[in-house]
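The block underneath contains the structure these notes are about, expressed in structure tokens.
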Protein chains: 2
Amino acid sequence: MFDTFLDDVAARDWDTHPDGTVRFAVVGTGGFARHLALPAIDSADYGEVTTLVTGSPDARADLATEYDATAIDYEAYRDGTRADAYDAVYVVVPNRLHLPNVAAAADHGKHVLCEKPLDATLERAERLVAACEDAGVTLMTAYRMQTDPVVRRLRAFVQGGGLGDVVKLSGDFTFPVLSGGYGPDHWRLAADLAGGGALYDVGVYPLNTARFVLDTEPTAVEGTTATSGPYSDVDERVAFTVEFPEGVFGSFSASFTGAADSTFVVHGTDGTARLEDAFVPRRDRTLRVEAGGATLTLEGAGTNEVREEFDYFAHCVLTGERPEPDGEDGLADLRVMDAVYESAASGERRSL
Amino acid sequence: MFDTFLDDVAARDWDTHPDGTVRFAVVGTGGFARHLALPAIDSADYGEVTTLVTGSPDARADLATEYDATAIDYEAYRDGTRADAYDAVYVVVPNRLHLPNVAAAADHGKHVLCEKPLDATLERAERLVAACEDAGVTLMTAYRMQTDPVVRRLRAFVQGGGLGDVVKLSGDFTFPVLSGGYGPDHWRLAADLAGGGALYDVGVYPLNTARFVLDTEPTAVEGTTATSGPYSDVDERVAFTVEFPEGVFGSFSASFTGAADSTFVVHGTDGTARLEDAFVPRRDRTLRVEAGGATLTLEGAGTNEVREEFDYFAHCVLTGERPEPDGEDGLADLRVMDAVYESAASGERRSL
């Protein structure tokens, strides 16, 4: 079982090698776009950047030159300027601004890869999903872990019974949000722009990955949050338990303070799979599987799940397939996370 | 900081090298006594076994011969037979039987090392502690992690600020209770004898270790439990969140099913300390500390925390010092765990 597991790591289990390329407008030019998304699209098999949408096209002229793209501002983008130059948009702006930018893309018949969470509130996210459905365009929620080959193989291994029955999961993601040169006015710390704090921004990683790996939906949650200092507008940290059917518990936590760290563990009756550096972008994840008396350590698989994400999305666009992390997937997490917030506020377990 | 940390690992930070030896009666001859405790006392600097208390002295004659001890039954023990042959007792019987055996020891003026949890209910445990206090004998709760040199150094490192401010903790302990040759009639699965299931038996490890490392007391808990099959009398598994002051959360879980596994992680503002094989008896724990841009991995420290536990206890008896894991420490965990059970039953967070 381990041999097959290893052999498959580098493979794209979804790639049918279609012809064509998807031309992207990247809507937003913040750190993630500049450092991770643009290089990923540039190196992708099925994607290319043609358009940059930014609040200051002049200031981003270098970026446009680097990617041989044209920079336009948000007003021009929403008006449909250059809409014939791209097939799809990647929306990577503060959460509260997802809806107008996605709706504009849908209006122009463009496919959409939208960052998570889908918007700052469930109600807005539902409108976002409806806008894409009404327009008949593909919508993918940017859950890059679902396109990480190591995580996909972990899912296949778990669902193939490699760990026996799953008993429980553990997961945490500590992302020191202010360590990246951001100040206390960063949008992630503003409730109106972000909608939620550490839970929405990073707690969603163990939650979504658990739902992905188990392929089941939570039945109840309980959680608690804390805030302090510059994080007083949103949850600085959160600890929450997600109950899945048959008494499978997920013990998860997330924080905007603390040294960067992330782990995801699946405990089964026959073994344990432990993913280190689980959720950090573009990090070589270390996967340790102990099962059936054997141990497998997979280090340095060297995958770039951000590029995989863009290629997977573009592949869906080219083939007309619905992405696994679709709009409903994004809404499902928002429902669970809002229940966690309600539990944190009321002190009561919330059934789902 | 790392250098000092490493240098100190092998040292007993509590040893004042007193003269003398404490003679033990080991009350109970189950698996933990036979495989771990008796060899540990036998190899201890400050302890020796003189007396075995067992339900079947004849059947345990080989054991008595092996340790040059005398085997007596429980009735004889409680009557004080051979009481002049030992100075202290180690009580390692089903939880519900702790109180009568500890009370007997206290009656005879013997010091007590009692397994955790102190009894099957908080009320009985309080009587157990009172019996020892009234008799003026030393009582230690057998939290062997508190005498593990690696855990003690981890505590010193954390309390010395090596990780900055602590943000949160993660911990889990999966102990497949029926994998050790025990059947479904094992006392750990009987509510009247055990008092609680996975939480009482193994969930207490991350809880007590967190309280030990942080040196603070929880302010609130929330938890959820599940049972199934042969575990229907007690919690087969539990997930619980412990809130410490200043928004420090502990995300803990424990299970009687699943592949054996245990981890304990302290997340701080300046680093992360991760203890693997954290709670398994006599296992070489691996400690990975990432802090201040450096990484330390401590493997194969090769400590035997069970022997350390008996030497630490005997040292307390010889010097008259109060053990750190005293009776109050054991009661504190029972109060927290009972609150977790109440939260699991009511679905409501419980303040402490």
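The values are calculated or read from the model by the stated rules, or taken from the named source; none is laboratory data. These numbers were taken from a predicted model, which means no experiment stands behind them. Quick reminder, even Gly has a Cβ in these numbers, built from the backbone with ideal geometry, and neighbours come from all protein chains shown. What goes into the accessible areas is simple: the full protein's heavy atoms, side chains included, and nothing from ligands, DNA or RNA. Shrake-Rupley method; radii C 1.70, N 1.55, O 1.52, S 1.80 Å.
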Going through the range A:81-112 in order, the residues found to be open to solvent by 20 Å² or more (accessible area, probe 1.4 Å) and in a loop (DSSP other than H, G, I, E, B) are A:T81, A:R82, A:D87, A:V92, A:P94, A:H108, A:G109, A:K110
Handout entry: Filter result for A:S170 (surrounded by fewer than 24 Cβ atoms within 10 Å (Cβ to Cβ) and either within 12 Å of chain B (Cβ to nearest Cβ) or on the phi > 0 side of the Ramachandran plot (or both))
Key = no
Consider A:G300 carefully, then state whether it is at positive phi and at pLDDT below 95.
yes
Scanning the range A:212-228 for residues that are within 11 Å of chain B (Cβ to nearest Cβ) and without any contact (Cβ under 8 Å) to a residue 40 or more places away in the chain, the one least open to solvent (accessible area, probe 1.4 Å) turns out to be A:A226
What about B:S232, is it open to solvent by 30 Å² or more (accessible area, probe 1.4 Å), modelled with pLDDT under 95 and within 9 Å of chain A (Cβ to nearest Cβ)?
no
A:P218 vs (1) more than 25 Å from B:P245 (Cβ to Cβ); (2) assigned to a strand (DSSP E or B); (3) over 18 Å from the mean Cα position of the chain (by Cα): all pass except (2)
Of those in the range A:304-352 that are among the β-branched types (V, I, T) and touching a Ser or Thr at 6+ places or on another chain (Cβ under 9 Å), the residue farthest from A:Y90 (Cα to Cα) is A:V340
Filtering the range B:177-196 for residues that are within 14 Å of another protein chain (Cβ to nearest Cβ) and open to solvent by 30 Å² or more (accessible area, probe 1.4 Å) leaves a count of 2
Subject >> Any hit, the range A:245-258, residues being of a type outside the set (S, T, N, Q) and closer than 22 Å to A:P39 by Cβ >> reply: no
Checked against (1) more than 8 Å from chain A (Cβ to nearest Cβ); (2) open to solvent by 10 Å² or more (accessible area, probe 1.4 Å); (3) closer than 30 Å to A:G164 by Cα; (4) not small (G, A, S), B:V242 satisfies every condition except (2)
Could you tell me whether any residue of the range B:69-91 is under 30 Å from B:A156 (Cβ atoms) and of a type outside the set (G, A, S)?
yes
Quick count over the range B:330-352, residues being assigned to a loop (DSSP other than H, G, I, E, B) and among the aliphatic types (A, V, I, L, M), is 1
(request) For A:Y77, indicate whether it is under 11 Å from A:V53 (Cα atoms) and assigned to a strand (DSSP E or B). (result) no
Among (1) closer than 30 Å to B:R152 by Cβ; (2) open to solvent by 30 Å² or more (accessible area, probe 1.4 Å), B:P117 falls short only on (2)
Practice problem: Answer with yes or no whether A:R124 is within 24 Å of A:G300 (Cα to Cα), away from every other protein chain (no Cβ under 14 Å) and assigned to a helix (DSSP H, G or I). | Solution: no
Would you confirm whether or not the range B:307-322 contains a residue that is within 13 Å of chain A (Cβ to nearest Cβ), modelled with pLDDT of 95 or more and touching a Leu at 6+ places or on another chain (Cβ under 9 Å)?
no
Within the range B:36-48, the residues that are under 24 Å from B:P100 (Cα atoms), open to solvent by 10 Å² or more (accessible area, probe 1.4 Å) and either assigned to a loop (DSSP other than H, G, I, E, B) or free of Cβ contacts under 8 Å to residues at least 40 places away in the same chain (or both) are B:E48
Taking the range A:274-303 and keeping only residues that are more than 10 Å from chain B (Cβ to nearest Cβ) and either hydrophobic (A, V, I, L, M, F, W, C) or surrounded by 22 or more Cβ atoms within 10 Å (Cβ to Cβ) (or both), one is left with A:L275, A:A278, A:F279, A:V280, A:R285, A:L287, A:V289, A:A294, A:L296, A:L298, A:A301
Here the residues within the range B:248-273 that are of a type in the set (S, T, N, Q) and at the interface with chain A (Cβ under 7 Å from one of its Cβ atoms) are B:S251, B:S253, B:S255, B:T257, B:T269, B:T272
Only one of (1) part of a helix (DSSP H, G or I); (2) buried (at least 24 other Cβ atoms within 10 Å of the Cβ); (3) touching a Leu at 6+ places or on another chain (Cβ under 6 Å) does not apply to B:V150, and that is (2)
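For (1) open to solvent by 60 Å² or more (accessible area, probe 1.4 Å); (2) under 22 Å from B:D13 (Cα atoms), each residue gets a yes or a no:
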residue: B:E309; (1), (2): no, yes
residue: B:V317; (1), (2): no, yes
residue: B:E324; (1), (2): yes, yes
residue: B:M337; (1), (2): no, no
residue: B:Y341; (1), (2): no, no
residue: B:R349; (1), (2): yes, no
Check: In the range B:59-70, is there at least one residue being in contact with a helix residue (DSSP H, G or I) (Cβ under 9 Å, 6 or more places away or on another chain) and under 26 Å from B:G195 (Cα atoms)?
Finding: no
How many residues of the range B:153-166 are outside any helix (DSSP H, G or I) and either open to solvent by 10 Å² or more (accessible area, probe 1.4 Å) or out of contact with any strand residue (DSSP E or B) (no Cβ under 8 Å at 6 or more places or on another chain) (or both)? The answer is 5
Log entry, pairs with first residue in the range B:285-302 being over 17 Å from B:T263 (Cβ atoms), second being modelled with pLDDT under 90 and assigned to a loop (DSSP other than H, G, I, E, B), beta carbons closer than 8 Å, six or more apart or on different chains, reads B:A291/B:M1; B:G292/B:M1; B:G300/B:D284; B:G302/B:D284
Against the definition (in contact with a strand residue (DSSP E or B) (Cβ under 7 Å, 6 or more places away or on another chain), in the same structural domain as B:V166 (by TED's automatic domain parsing) and among the hydrophobic types (A, V, I, L, M, F, W, C)), how does B:V234 come out, yes or no? no
